[in-house]
Amino acid sequence: MSYRKKSQMSLAVLPLFFAASSLCAQPSTPAAKPSQEVGQYLADFQHIIKQHALYADSLNWGQLNREVTEKSQGLATVEECKPVIDHILQTLRKAGDKHSFFIPKEKAARQTSASYEAKQAESQYLGDGIGYLKIPALSSMNASVGQTFSQGIRSQLAALQTQYKLTGWVVDLRHNTGGNVHPMIEGLQPLLGEGLYGYFIFPRRTLKKAMPLWAWSGKKKEQPAVKATKTPQRVAVLIDSLTGSSGEMVALAFKGRSNAKFFGQPSAGYTTTNQDFKLSDGAYLLLATGYMADKKRRTYLPNIVPDVVVEYAPATAPDKTIEAARTWLLEAR
């Protein structure tokens, strides 16, 4: 955004003030209105928030509209709207929303592309009948990328089950800052089992929406089968202060299960659920519209606290969180 610099009168011309007073009394030139494209873009942006945002009722809409009008003066293109968008989201943040954010069209194009290179899950055998899966964040919004990600989890899970006689698992969600939750859930389904995993709760619409077994854009997707064990295996879920958003949602899918226990540090506290809205220029608004809840409809505000809090260990030291998880998993024998 370009700002007009106010003209300043130097002290050298101060004696001419009264002679020039008649000029100062002339009406100033009205500020240029934004282009029609800009006006419509910002109006649509605010309408989405007003209709759907979890914290919409906490905003002073009259004041916000005046501020948007002032800040958008003279803007000609949508590309110039970013400072105004930032101001709207900052206002929403001050009302309590820490989760909503804007994805510019260039970044959105990368994240929706089939060529997006996503970091994949990692696995290993920890010994003593314990399998380990580390689930990273997934920023891609592309269906084929997501399916590759979920199939990768399942393939590694199946490979460990084939090679070793497993009695327990460590699911490591530490540093999982979120992204696309559905591939994570679908990949871990063999450990989660059948049934309901959790809820999205939208209090402004008094609607409770279940997070179903197959939640890929609301459509069932076939995945490679992984043979289930006759006896449910224990699962140690690891979280930390960087486990956020969809990472927290995956963690909640294990909540309320008798064979699961949480280890580590309290999560990041992004336990609201985001809905994506595609804007006219190809950008996206990811908007907090409700709360995450576990299968018993319990919400976790401000964050998820592990059953066993473990102090951080230096990178060069043994992983205390994994050690605590191993101890619990071996107790079952």
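The values are calculated or read from the model by the stated rules, or taken from the named source; none is laboratory data. Note that the structure is predicted; figures quoted are calculated from it, not measured. No Cβ is skipped: glycine too gets one built from the backbone with ideal geometry, and neighbour counts run over all protein chains shown. Ligands, DNA and RNA are stripped out before the accessible areas are found, and what is left, the full protein with its side chains, is counted by its heavy atoms. Shrake-Rupley method; radii C 1.70, N 1.55, O 1.52, S 1.80 Å.
With contacts taken as Cα pairs under 8 Å and at least 6 residues apart, segment 109-155 reaches a relative contact order of 43 percent. Ligands, DNA and RNA left out, the accessible area of segment 237-333 computed with a 1.4 Å probe is 50% carbon and sulfur.
Of the GluC sites (Glu not before Pro) found in segment 274-333, those in coil by DSSP whose Cβ has at most 12 other Cβ atoms within 10 Å are GLU311.
In straight-distance terms, cross-link reach from LYS119 covers every one of the aspartates and glutamates whose alpha-carbon lies under 17 Å from its own, apart from those fewer than eight places away in the same chain; here that gives ASP172, GLU186.
Other residues within the sphere of radius under 9 Å centred on the Cβ of SER280, judged by their own Cβ, net out at -2 (K and R +1, D and E -1).
Could you work out the relative contact order of segment 262-330, using alpha carbon pairs under 8 angstrom and six or more residues apart, expressed as a whole percent? Could the numbers behind the result be given before it?
Values: 87 pairs, mean separation 25.9, N = 69.
Relative contact order, segment 262-330: 37 percent.
Which of the pairs LYS94/LYS278; LYS71/LYS278; LYS82/LYS107; LYS165/LYS320; LYS261/LYS320 have their Cα atoms more than 18 Å apart in this structure? Working shown, then result.
Working: LYS94/LYS278 24 Å; LYS71/LYS278 23 Å; LYS82/LYS107 14 Å; LYS165/LYS320 24 Å; LYS261/LYS320 15 Å.
Table pairs above 18 Å Cα-Cα are LYS94/LYS278; LYS71/LYS278; LYS165/LYS320.
Under 5 Å from the amide H of VAL170 lie the amide H atoms of GLY131, TYR132, LEU133, ALA236, each residue being 5 or more positions distant or on a separate chain, with H modelled from the backbone and absent for Pro and chain starts.
The slack between ARG93 and THR316, meaning 0.36 nm per residue of separation minus the straight C-alpha distance, is 76.5 nm.
Here r is the Cβ-Cβ distance between GLN40 and GLU122 and R0 is 51 Å; the resulting FRET efficiency, rounded to 0.05, is 0.65. Can you tell me how segment 38-79 classifies by the Cα gyration tensor, rounded, prolate or oblate, using a/c under 1.5 as the rounded cut? It comes out oblate by the Cα gyration axes. Our coupling estimate for segment 35-51, obtained by passing each phi through the Karplus curve with A = 6.51, B = -1.76, C = 1.60 and θ = phi - 60°, is 5, 4, 4, 5, x, 5, 4, 6, 5, 5, 4, 5, 5, 4, 5, 5, 7 Hz, Gly and Pro reported as x.
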